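Beneath this line is the structure, given in structure tokens, with notes to follow.
The values are calculated or read from the model by the stated rules, or taken from the named source; none is laboratory data. What you are looking at is a predicted structure, and each value in this text was computed from that prediction instead of being measured. Virtual Cβ from ideal backbone geometry, glycine too; neighbours counted across all protein chains shown. Just the protein is used for accessible areas: all its heavy atoms, side chains included, with ligands, DNA and RNA removed. Shrake-Rupley method; radii C 1.70, N 1.55, O 1.52, S 1.80 Å.
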Amino acid sequence: MKAGFIGFITPEMGDPYKELEKYAQIGYTGMESGDLLLQGDVKENVKRVRDMGLIPLTVHCPDADADAGELIRKAQAVGVSYVVNYALCAAMYRFNFRETDPDYDEFRRELEKMDKLAGELKKEGIQLLFHNHDVDFTKCYKGVPAMYLMSALTENLNFEVDTGWVTYAGHDPQVVLRDLGERVSLIHVKDFVCGEVPRKGTYGSHTMPRFTTPGTGKLNLRGVLQTASEMGIPYAIVEQDFQYHLTELETLTAAYLNMKETGFVD
């Protein structure tokens, strides 16, 4: 597998391309959130990161009502094959960005929209992926975790499995990856230790894991990478929502070395 990353760019850093070059020098070859490249001269931005050795991987889909044409335009402008949604109604409630817990009917309607949207993108050779959080495994409808229902009730939607959130939800990410099979296109490698962190949303507070550098917490890093590698998943994408004792550069350096040490990441 190859190593990618998402995030690790903050406004305080100034020129993000200087930071991206540092990350490329560590050994990363994939960068998620290609939306960054849509600011300014897109062709020049894409050339700049590719010259560093970084390949843009994704652009963002905000919700199930997103315009397919606009998503296709963005993906083609940056030259990516994946469009990713990072939170639907269940996650929006879990993180207190909506007041009401979605019922099964709302969940189904949202899935229908997502699958239709995925079908439109597929015509252009672009995959629409859903990125999970813990709630997508702890929230059940008709006794079945939401994530598994998403797979069963859609035909065109694929997945970017966040293995850290799966672990935090109390599930085995290796089992989840095998269960979802060919519907998994990418994985996020995220880790956490004991202790929860309070955060605020629009309608109240919620808890988050106490994130740590991948390979230093509860995630079975070697097992996850072995399973993903065996499945032919091309990228292991490092993510850490909040920094604590390490800088972004230090975290990415340590994470890359920890992944490479397993033998499953170049």
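If R0 is taken as 22 Å, the Cβ-Cβ distance between GLU99 and ASP63 corresponds to a FRET efficiency of 0.85.
Over the range 54-204, what relative contact order in percent results from Cα pairs under 8 Å that are six or more residues apart? Computed value for the range 54-204: 22 percent relative contact order.
The Kirkwood hydrodynamic radius of the chain, based on inverse pair distances between different Cα atoms, is 18.9 Å. Distance between the modelled labels on ARG50 and LEU246, one decimal in nanometres: 3.1 nm (7 Å Cα→Cβ projection). Extension gain, LYS43 to THR10: 0.36 nm times the residue separation minus the Cα-Cα distance gives 9.6 nm. Overall, the range 25-69 carries a charge dipole of about 360 debye about its Cα centre when +1 sits on the Cβ of Lys and Arg and -1 on the Cβ of Asp and Glu, all other atoms neutral.
With all protein chains kept in place, the per residue accessible area of the chain amounts to 45 square angstrom at a probe of 1.4 angstrom. Here the convex hull built on the C-alpha positions of the range 172-231 has a volume of 110 cubic angstrom per residue.
Using the Cβ-Cβ distance between GLU21 and ARG210 with R0 set to 25 Å, the FRET efficiency works out to roughly 0.25.
Over the chain, DSSP H runs of length four or greater, each weighted -39,500 (n - 2.57), average out per residue to a 222 nm ellipticity of -12000 deg cm²/dmol.
When the convex hull of its Cα atoms is viewed from all sides, the range 1-104 shows a mean projected area of 8.6 nm².
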